[in-house]
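Take a look at the structure set out below.
The values are calculated or read from the model by the stated rules, or taken from the named source; none is laboratory data. This is a predicted model, so every value here is computed, not measured. Don't worry about glycine lacking a Cβ; one is built from the backbone with ideal geometry, like all the others, and counts go over all protein chains shown.
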Amino acid sequence: MPRLGTIKEATDVLRETFGHAKFRGGQREAVAGVVAGRDVAVLLPTGRGKSLCYQVPAVVAARRSGGTTIVVSPLIALMQDQVAHLNQRGVVAAALHSHLSREQSAQVVDQLLGQTLQLLYVSPERAATAGFRRLLGRVNVALVAVDEAHCVSQWGHDFRPDYMRLGELRTVCNAPVIALTATATPRVLAEVAERLELVQPTVVRGDFRRPNLRFVVRHAASAVHRMLLLRAELDAADLRAKRGQGRAIVYCSTRKTVETVAKALRAAGYPVGYYHAGRTALARDRAQRSLTASRTRILVATNAFGMGIDMPDVRVIVHYQTPGSLEAYYQEAGRAGRDGEPSRCVMFFGAGCMVTQRRLASGSSGSLAQQRHRAESLATIERYAFAERCRQVLLCEHFAPDDTHPLCHDCDICEPKDALDGAVQQPAARTITTLPEQALDTIVAAVDRLSRPVGKRNLARALRGSQAKSLSRGGLLTLPQYGELKEYDEESVVAAVDGLLADSRLARAGRKYPTVWIPGKPVRSPRATREPKPDRQRVRTSGVGSIAPELDRFRKRMAGKLRWKAYMVFQRKAILAIDRERPQTLDDLAKIPGLGPAKIDRFGEEILALVRRHSQLEF
């Protein structure tokens, strides 16, 4: 393959175009391999400048031969950020993605064919098409860069099938290929090289130590204890104030938990937003921009947030629920302390986390080997949670097992005394047993047989065969499943119920005294069968000037779209209040009973538009 340039040219570009005096660890070796025309596989931790490993050679090649570098990137937002960053530095870059109009896409293609582009970003789905390969056959391609290359491997934590076809680009491009990832075990890196057909690649492994990060595991036996631990972490970082230095990201495994945690923190006075894939693109963008501008200092999110995010002053990363693999954990934790200042990466661990992750894994497709790999990943992160060795050494060994890694002298194992140790009492580890799927099915089946919601602890006692007097009410003593889980201790069964609640297989009912129930199943009272509720009747009999029927159709439409029950969008009492008050602003909506901040954020603008449209029709 042709040489793209020299390391001297690359160093000049690094200084003149990107404003850096010298390469960081691993970058120089990667750039030297690429400009020499060799294939390169790069494994550098999050925040160590992987992008420069292909951006610098791309500019060098464009100056020499006018060739274009093709960058395969998995996220549109990441592409847009990279393109904007490069354009600001005078580099001619563009992206092809689904958010462009036909005219905009045609303009980018014309730039590519006219050989005026130095870098072109595309999604793996587009790069894998025959049409795109034909297009590349008509231009001079200098380099192919595959970002987040662990997605190529079926053993990677974020496997995407379209990545597996990227090796076909070699049939139309006589150009070196550079594969880049922040999270790949030796097994994953080997498959990346094979799938992308890398020829005797130069393998660059960075130093995975993050000396400014303190890695901590907190064992949380209940949801209440978990929230107390979270608030202690945020308060220690002075993140309750609306203004100040530093930010925090709180990762949860499910969308429901994200919303629950964000709501609890907001009610306690924390400046918090939330982000998950179930929100609209506009709502996600607002949440991200609000964090970036420090209007909110805390973001609660699923793993849908974070890729390509480069905020320097994230002081705390909390995994409220244990993630599904060490790779995912290290990648997300690595978003802390990018400015080099001391920061904390805290993982909460409990049996309920493993229940949730196993449930998520069981809903994923894949071969038997992939299912076993997911189970191995869960076992690995569980061992990490209970390990008595340096956390940082364990993480480094996971990615570079052949190297010797020094102790960090700062994690909760190396330096167990922590300013937060006394803030919230931590229960003894290894008191909780993870229940198998069959036992979880028993719990759900028992709740489904109940005549009314019950407390989770009473439910656990009944399933263990207790004869306490408090179980005589609610039909707990007559359950077919009574005593079936007697081999497990009470705390383990309660933790399993918490996991089922987090996974939405069970739901909470009631506010003052929360109980357990089946999601969407109506709770019927004797009077409910004799006469309809007044608000239900009023919705059906509203007059011509009423907006209630339109609001009812709106919530049914939203419920169908989100796969919710209609009452989960908002209840009929909210419909009646909106019909009566005719709110005109989001502040007006906030005064409507039953519409909390989360629902106003999700549905508020559409409700107001509906009210305004109806008001215009009345006149």
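For this structure, a couple of remarks:
- Scanning segment 532-539 finds one or more residues that are modelled with pLDDT under 65, closer than 22 Å to residue 509 by Cα and not in a helix (DSSP H, G or I).
- Top-ranked residue of segment 489-504 - restricted to ones that are surrounded by fewer than 19 Cβ atoms within 10 Å (Cβ to Cβ) and either of a type outside the set (S, T, N, Q) or without any contact (Cβ under 8 Å) to a residue 40 or more places away in the chain (or both), ranked as nearest to residue 353 (Cα to Cα): 491
- Qualifying residue in segment 196-204 (condition: acidic (Asp, Glu) and either out of contact with any strand residue (DSSP E or B) (no Cβ under 9 Å at 6 or more places or on another chain) or more than 30 Å from residue 24 (Cα to Cα) (or both)): no
- Some residue of segment 346-359 being more than 30 Å from residue 439 (Cα to Cα) and surrounded by fewer than 21 Cβ atoms within 10 Å (Cβ to Cβ): no
- In segment 575-590, the residues that are under 11 Å from residue 608 (Cα atoms) and free of Cβ contacts under 8 Å to residues at least 60 places away in the same chain reach residues that are of a type in the set (Gly, Ala, Ser) and outside any loop (DSSP other than H, G, I, E, B) with C-beta atoms within less than 7 angstrom, at least six apart or across chains, in these pairs: 582/615; 586/604; 589/604.
- Subset of segment 464-513 [out of contact with any Gly (no Cβ under 8 Å at 6 or more places or on another chain), assigned to a loop (DSSP other than H, G, I, E, B) and under 30 Å from residue 302 (Cα atoms)]: 503, 504, 505, 506, 510, 511, 512
For every residue, the table says whether it meets (1) buried (at least 16 other Cβ atoms within 10 Å of the Cβ); (2) closer than 19 Å to residue 178 by Cβ.
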residue	(1), (2)
50	yes, yes
61	yes, yes
68	yes, yes
71	yes, yes
76	yes, no
86	yes, yes
95	yes, yes
102	no, no
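- Residue match in segment 208-220 (condition: closer than 23 Å to residue 37 by Cα and among the aliphatic types (A, V, I, L, M)): no
- Flag for residue 52 being touching a Phe, Trp or Tyr at 6+ places or on another chain (Cβ under 8 Å) and either at pLDDT 95 or above or hydrophobic (A, V, I, L, M, F, W, C) (or both): yes
- Residue 263 being in the same structural domain as residue 343 (by TED's automatic domain parsing), closer than 20 Å to residue 357 by Cβ and part of a helix (DSSP H, G or I): no
- In segment 27-49, of all residues being more than 11 Å from residue 202 (Cα to Cα) and β-branched (Val, Ile, Thr), the one that is modelled with the lowest pLDDT corresponds to 46.
- Of all residues in segment 568-609, those being assigned to a loop (DSSP other than H, G, I, E, B) and among the β-branched types (Val, Ile, Thr) number 2.
Conditions (1) under 24 Å from residue 270 (Cα atoms); (2) more than 23 Å from the chain's Cα centre (by Cα), marked per residue:
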position	(1), (2)
184	no, no
190	no, yes
212	no, yes
217	yes, no
220	yes, no
226	yes, no
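- Of all the listed residues (377, 364), the sole one being crowded, with 16+ Cβ neighbours inside 10 Å and either at pLDDT below 90 or in contact with a helix residue (DSSP H, G or I) (Cβ under 9 Å, 6 or more places away or on another chain) (or both) is 377.
- Residue under evaluation residue 201, criteria (1) in the same structural domain as residue 387 (by TED's automatic domain parsing); (2) crowded, with 17+ Cβ neighbours inside 10 Å; (3) closer than 25 Å to residue 48 by Cα, criterion not met: (1)
- For segment 463-479, the count of residues that are at pLDDT 90 or above, touching a strand residue (DSSP E or B) at 6+ places or on another chain (Cβ under 9 Å) and surrounded by 19 or more Cβ atoms within 10 Å (Cβ to Cβ) is zero.
- Of the strands (runs of 3 or more DSSP E) lying entirely inside segment 19-107, the ones with 2 or more residues being touching a residue at least 40 places away in the same chain (Cβ under 8 Å) are found at 40-43, 68-72.
- Qualifying residue in segment 497-516 (condition: touching a helix residue (DSSP H, G or I) at 6+ places or on another chain (Cβ under 7 Å), among the polar types (S, T, N, Q) and at pLDDT 85 or above): no
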